[in-house]
Amino acid sequence: MKVAIAVTNGYVSGPGEGLAVQIYEINGNEYKIIEEYGNPALNATAARGVHMLKSAIDKGVNAVVVAEMGPPGFRFLQRYNVKAYLGMGLDAKTALEKLIKNELPEITQPTHGERHGEHYH
């Protein structure tokens, strides 16, 4: 399985905010980083998270780990049948270990509204 994680300073970040995108290969209980690149979302003006997600899908990932997910990104992933997992507050290593153990919650609906900052309560 290939997983993309949006990261800032080693911690899971939002797809539109993470400074970098890390791609990991998971085999059984082991994982290794196979690529890291700057987040293309940082140059986008709208639906920034979608730019990160598209870059990851273009690399052939099966899943993404992010700190949050807005409606545009959620709809985009649904079209490609890619799962998203919530890793808010975790470093990438912990998020990967929890994902392998099925302890990371799957994102089944957007975590906030259309415009970032309008979080549901």
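Whether a residue is among the small types (Gly, Ala, Ser), out of contact with any helix residue (DSSP H, G or I) (no Cβ under 7 Å at 6 or more places or on another chain) and under 13 Å from Ala4 (Cα atoms) was assessed, and Ala67 passes this test.
Picking from residues in the stretch 89-121 that are in contact with a strand residue (DSSP E or B) (Cβ under 9 Å, 6 or more places away or on another chain) and modelled with pLDDT under 95, the one that is most open to solvent (accessible area, probe 1.4 Å) is Tyr120.
The values are calculated or read from the model by the stated rules, or taken from the named source; none is laboratory data. Computed from a predicted model, the values in this text were never measured in an experiment. As a convention, Cβ positions derive from the backbone with ideal geometry for all residues, glycine included, and neighbour counts pool all protein chains shown. Ligands, DNA and RNA are stripped out before the accessible areas are found, and what is left, the full protein with its side chains, is counted by its heavy atoms. Shrake-Rupley method; radii C 1.70, N 1.55, O 1.52, S 1.80 Å.
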